[in-house]
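The values are calculated or read from the model by the stated rules, or taken from the named source; none is laboratory data. Nothing here was measured: the structure is a model prediction, and the numbers come from that model. Backbone-built Cβ (ideal geometry, glycine too); neighbour counts: all protein chains shown.
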Amino acid sequence: MSPEMPGTKSDEPERPDDWWREQLSNLYGLFVVSMMMFDGRDPDDILRLATTSLPALCACTLDSVYLRVEEVLAPAHGDRPDPVLVEALVSLDGHSGPIPAADGGWRWAMALGSPAELLGYLVVCSADAPSADEFFLVKALAQQTSGALASARLHQREREQSAALLALNTELQTLNGRLSTTVARLEKQTEVLERLSEATASGAGEAGIVLALHELTGLPAVVEDRFGNLLAWAGPDRPDPYPKAVAHRREGLLRQAAAVPHPIRVQSRVISLAKPRQEVLGVVALVDPRHAAGDQEVFALEYATTVLALELSHQRSLAEAELRLRRDLVDDLIAGTDEHSAYARADALGHDLRGPHHVVVVKWSRTQTDDAVASAAAGTVGALQLPSLISRRAGSVVLLAHGSLDGDGLHRALAEKLGGTAGAIGIGGRCRGPTDVPRSYSEAVRAADVRRDSRSPDGVTSYDQLGLYRILDTGAGSGAVEEFVQEWLGELLAYDHRKNTDLVHTLSQYLECGGNYDETAAALLIHRSTLRYRLGRIRKIGGHDLNDVDDRLNLHVATRAWQVLQRPE
Amino acid sequence: MPETTMAATLGGVSLDAGDHLCVFYRGQEERDRLLLPFLAEGLRAGHAVLYLGREGEKDTIAARLGGRGNLEIGEPEDGHLRDGRYSPEDLFERLDDWVARTLSSGAAPFGRTAGDMSWASRLMSPGLVPELVGEEIAVTRWLRQYPLVVLCLYDLDLFGGELIIPMVKAHPKVWMAGTLVENPYYLRSTESVVRR
């Protein structure tokens, strides 16, 4: 604590009432100033109040103010330090005390704070030493100033801590906001994953996937095949009939969508390609004319596309596997296999091999690929509800059809699907069991070949309809047939060969047309007189009478046999 | 005259006729929060209200008070200053004239006067403080004759301890920081207030 001021008298004189009134009034003034110092002012303002109040309380004036900043005493308000004064202040060691004045007057340093936590010094001076009453007021002012500075410093620390806390709180709130957003997004995405996974697991296929997508986004959802045909729709406002873009536009759209790894907006739709292994299996779209789809909706679309790609890929793999198994079974049955194994394999494929079957061989125009014919045949038997197993050989498609068979209906349906009638169908004899299949197959092939080489090659021929052709075999044991042909057509064949003419074919057409001149000429695309000339040459070279019934029959059989024999295998 | 019309409050604290308050405030916003309700209350009660404000406040304060009632507003040149120089005599002439027209004539049962002393900060000098103190002491004596309360408003952002302490010593009541501090030992002569 500050020492007592030297010279203070202990025996105070008698004070008049006015003196007491003034002293009390001074204390009131000091009290009010003290209140002001503590009303949240900054240290500079507190010091300003203290120094300006000093002359109102006593005859002293302010000499200087020093504050301790980082363990060093420095003048307040940026004044130049007085080294002598600083040294004297340091020597006080945190206490109040006298400071020598250069002019010999009175100078006193009032410590602000305590020796333990010194805030600075208020240095006051006057020509003469103040009275004890005045010194008391100065000391009280210094104490109030000291308290106010300490309080201000605490407030400053509190404000800094509050600001730091506020900054932390703001940062925390920002982080919480981000976290909440992330959690909400993850929850939404989890909902999308769960809902679409459920749809897939339920086996509802593309219909289940678009329904889930619609429910998750609130937007109509669509699945189309790669050609733009509608596979599934969920949601309101489904157009009827469903519009389909022309092929080149559709291809352009698919190229545009395939060029980027995310969904794209095309007019009122956001579309995404189901494209496993670079092959487009389908297109998923959200119908969004109001452009309401945001990140979450696009996420749902992307995941639905992934799920759909897996679904379509799986479906295709199953279909391909089943097709391959069916083809293998047909091929094995044609080659000959045991009944037990054949029944078991057919059962596994869902085909009832028991009961009557026919082998059907389809040989279509070479303008159609085998794939196209096979695909059309599969679709046709499905549409005709004809249970069948399908395989494919070079240049032909083979069906093993169950039950009675409408050959003409099958031909019409196939012709409609393939866009033309240029094709022959041969139907083999009835199979009572798997072991009959090889025979029925060879019969079907023979019937198809005969049909294709006939005057009307487009149509259906069953083996049962072949008649004479059934005995005109080109295989082993055909020597008698060749001899018969040579006997009746030898001269003409030699002539044709030598002269490079076509008299045997002319004769064949004449007999097929029942001897009708006009029909024959039209079929051969020659004039009637040319036909008459050729027939004259035939009679002369062959030496046969075309009007004789027996000759005519033998010649007809010979020409048909010749057709069978001349056909390359 | 009903008792209620003779009452006045400041910041929720009741004042009595003859009260002369030294009101310390920080900044004009705090002053307005205290002053405007005080003036408006007087106008509502039918009191004669005289406000000697800062420069340029004549119209703005009138507008904020709605411009109704027995209100007079002056600026420093209308009261304390004559041609920019401090003139206590002019002030008391103005006060006497106002009292004659309002309280003494019976036009109003009660009076309220408030003066913003901010103008003094521009003229501050060691010689001005005793003159201001003398004026405040004179006002305390003068207003005892009338049913009147007077507020002297000092902005703490403009004045320091050299004026605050003398004003505390010269006023019976001091308002600051929302508190009314009574000073039963206020001094009644300039010499005892201001050290020379």
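Tabulated values for the structure
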quantity: Residues located in the stretch A:524-540, provided they are charged (D, E, K, R) and under 14 Å from A:Gln509 (Cα atoms); calculated: A:Arg528, A:Arg532, A:Arg534
quantity: Which listed residue is over 26 Å from A:Glu297 (Cβ atoms), hydrophobic (A, V, I, L, M, F, W, C) and exposed (fewer than 14 other Cβ atoms within 10 Å of the Cβ), from A:Ala132, A:Ala167; calculated: A:Ala167
quantity: Boolean, B:Gly42 is of a type outside the set (A, V, I, L, M), in contact with a helix residue (DSSP H, G or I) (Cβ under 6 Å, 6 or more places away or on another chain) and either in contact (Cβ under 8 Å) with a residue 24 or more places away in the chain or crowded, with 16+ Cβ neighbours inside 10 Å (or both); calculated: no
quantity: Residue within the stretch A:61-68 that is loosely packed, with under 14 Cβ neighbours inside 10 Å, within 30 Å of B:Thr190 (Cα to Cα) and either outside the structural domain of A:Gln23 (by the TED database) or in contact (Cβ under 8 Å) with a residue 24 or more places away in the chain (or both) present; calculated: yes
quantity: Residues being among the polar types (S, T, N, Q), surrounded by 15 or more Cβ atoms within 10 Å (Cβ to Cβ) and farther than 16 Å from A:Ser313 by Cα - total across the stretch A:182-203; calculated: 1
quantity: Flag for A:Ala56 being part of a helix (DSSP H, G or I), in contact with an Asp or Glu (Cβ under 8 Å, 6 or more places away or on another chain) and buried (at least 20 other Cβ atoms within 10 Å of the Cβ); calculated: yes
quantity: Qualifying residue in the stretch A:292-299 (condition: surrounded by 19 or more Cβ atoms within 10 Å (Cβ to Cβ), in contact (Cβ under 8 Å) with a residue 12 or more places away in the chain, touching a strand residue (DSSP E or B) at 6+ places or on another chain (Cβ under 9 Å) and not in a helix (DSSP H, G or I)); calculated: yes
quantity: Condition check for A:Asp347: closer than 22 Å to A:Ser442 by Cα, part of a helix (DSSP H, G or I) and free of Cβ contacts under 8 Å to residues at least 60 places away in the same chain; calculated: no
quantity: Considering residues of the stretch A:191-221 that are modelled with pLDDT under 90 and among the β-branched types (Val, Ile, Thr) only, the residue nearest to A:Pro236 (Cα to Cα); calculated: A:Val192
quantity: Selection from the stretch B:90-119 of residues that are aliphatic (A, V, I, L, M) and without any contact (Cβ under 8 Å) to a residue 24 or more places away in the chain; calculated: B:Ala100
quantity: So A:Gly218, is it under 17 Å from the mean Cα position of the chain (by Cα) and either assigned by the TED database to the domain that holds A:Asp45 or at positive phi (or both); calculated: no
quantity: Count of the stretch A:272-281 residues which are outside any loop (DSSP other than H, G, I, E, B) and farther than 10 Å from A:Leu254 by Cα; calculated: 4
quantity: Strands (runs of 3 or more DSSP E) completely within the stretch B:117-196 that count 2 or more residues being more than 14 Å from chain A (Cβ to nearest Cβ); calculated: B:148-155
quantity: Subset of the stretch A:20-53 that is free of Cβ contacts under 8 Å to residues at least 12 places away in the same chain and more than 7 Å from chain B (Cβ to nearest Cβ) - its residue that is surrounded by the most Cβ atoms within 10 Å (Cβ to Cβ); calculated: A:Asp45
quantity: Residue match in the stretch A:355-374 (condition: charged (D, E, K, R), in a helix (DSSP H, G or I) and under 30 Å from A:Asp464 (Cβ atoms)); calculated: yes
quantity: So A:Leu286, is it in contact (Cβ under 8 Å) with a residue 60 or more places away in the chain, of a type outside the set (Phe, Trp, Tyr), surrounded by 16 or more Cβ atoms within 10 Å (Cβ to Cβ) and part of a strand (DSSP E or B); calculated: yes
quantity: The lone exception for A:Arg238 - which of (1) over 15 Å from the mean Cα position of the chain (by Cα); (2) within 22 Å of A:Leu312 (Cα to Cα) it fails; calculated: (2)
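Listed here are the residues, each with its yes/no results for (1) within 19 Å of A:Ser454 (Cα to Cα); (2) surrounded by fewer than 17 Cβ atoms within 10 Å (Cβ to Cβ); (3) at pLDDT 90 or above.
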site	(1), (2), (3)
A:Glu482	no, yes, no
A:Arg498	no, yes, yes
A:Leu503	yes, no, yes
A:Asn516	yes, yes, yes
A:Leu524	yes, no, yes
A:Leu531	no, no, yes
A:Val564	yes, no, no
A:Arg567	yes, yes, no
